Amino acid sequence: MPLMAMMKMRTGRQRHILVVDDESLVRQSVQIFLQGDGYVVHEAKSGAEALAMFEPGKFDMVFTDYLMPEMRGDQLAAAIKKRSPKQAVVMLTAFPEKLQSSDCPLGGVDSFICKPFGLDTLRSAIARYAPA
């Protein structure tokens, strides 16, 4: 039985993922990866667009880029956690060294994934931070 079918049986509903990245290729890649597992994937190209879409309880997981125009991913994560403190938020970044420095607090971010990444990495993050 596919992973998503088992999760839907346990939860009684499809799982929703929000992907926030200013690069359409990254958003589309995550969507293709996760739709194959049966997730409903919503895309936002900016922090502002993500916040307009966000409602507590609507998304099981939020994946967000770090470096985006107007609002960084950590700022988005903090705004989301203010609305929904238990919301799972995982950062997608090509610059993990910036996130590990002491002058870059990760308030609101549960973890981060280094770009490039694969399906198994996304699955692991969902299983750990947003279990069914």
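The values are calculated or read from the model by the stated rules, or taken from the named source; none is laboratory data. Computed from a predicted structure; not experimentally measured. For neighbour counting, all protein chains shown are included, and Cβ atoms are generated from backbone atoms with ideal geometry for every residue, glycine included.
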Taking the residues in the stretch 85-111 that are surrounded by fewer than 19 Cβ atoms within 10 Å (Cβ to Cβ) and of a type in the set (Gly, Ala, Ser) as candidates, determine which candidate is modelled with the lowest pLDDT.
Ser102
Quick one: is Gln28 over 19 Å from His16 (Cα atoms), among the polar types (S, T, N, Q) and assigned to a helix (DSSP H, G or I)?
no
Breaking point among (1) among the acidic types (Asp, Glu); (2) assigned to a loop (DSSP other than H, G, I, E, B); (3) touching a Pro at 6+ places or on another chain (Cβ under 9 Å), for Glu55
(3)
Kindly establish whether Ile17 is of a type in the set (A, V, I, L, M) and touching a Leu at 6+ places or on another chain (Cβ under 8 Å).
yes
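For every residue, the table says whether it meets (1) at pLDDT 95 or above; (2) in contact with a Cys (Cβ under 6 Å, 6 or more places away or on another chain); (3) over 23 Å from Gly107 (Cβ atoms).
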{"site": "Met4", "(1), (2), (3)": "no, no, yes"}
{"site": "Gln14", "(1), (2), (3)": "no, no, yes"}
{"site": "Leu25", "(1), (2), (3)": "yes, no, yes"}
{"site": "Val41", "(1), (2), (3)": "yes, no, yes"}
{"site": "Val62", "(1), (2), (3)": "yes, no, no"}
{"site": "Arg83", "(1), (2), (3)": "yes, no, no"}
Please specify each residue of the stretch 41-93 satisfying the condition of being touching a residue at least 40 places away in the same chain (Cβ under 8 Å), more than 20 Å from Lys115 (Cβ to Cβ) and of a type in the set (Phe, Trp, Tyr).
Phe59
